[in-house]
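Let me begin by presenting the structure, written as structure tokens, before commenting on it.
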Amino acid sequence: MENDLYSFTLCRADWDRVISALRNEAFQLTQDSHRACEKGARDYGTLLWEETAILNAIASDIDYMLPE
């Protein structure tokens, strides 16, 4: 079930909203990661940074697959 693939049909504007939401969440997690590391919680900061990378990668993949 973890590797099941799903597809959705959305208009371009909605896909742009999805991409924007992913990037905004990634930015927030980056800020949280920096704060966690500054307070000595490096493991938690690293976990947040890894999630940031995943969200940005998903946003980039969606953006790449969309037609111009």
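The values are calculated or read from the model by the stated rules, or taken from the named source; none is laboratory data. These figures come from a predicted structure and were not determined experimentally. Heads up, the Cβs are rebuilt from the backbone with ideal geometry, glycines too, and the neighbour counts pull from every protein chain shown. SASA here: full protein model, heavy atoms, side chains in, ligands and nucleic acids out. Shrake-Rupley method; radii C 1.70, N 1.55, O 1.52, S 1.80 Å.
Placing dummy labels 7 Å off each Cα toward the beta-carbon, the span from residue 63 to residue 32 is 2.1 nm. The three principal axes of the Cα atoms in the chain give end-to-end lengths of 43, 28, 14 Å, sorted in falling order.
Using Cβ point charges alone (K and R +1, D and E -1), the dipole size of the chain about the Cα centre works out to roughly 280 debye. Counting only protein heavy atoms and a probe of 1.4 Å, the accessible surface of the chain is 56% carbon and sulfur. What is the chain's relative contact order, in percent, from Cα pairs under 8 angstrom and six or more apart in sequence? So the answer I get is 37 percent.
Entry comment: accessible area of the chain is 83 Å² per residue, from protein heavy atoms only and a probe of 1.4 Å. Rounded to the nearest 10 degrees, the angle from helix 42-65 to the longest Cα principal axis of the chain is 20 degrees. For the chain, the list of chymotrypsin sites (Phe, Trp or Tyr not before Pro) that fall in a loop by DSSP and count at most 15 other C-beta atoms within 10 angstrom reads 6, 8.
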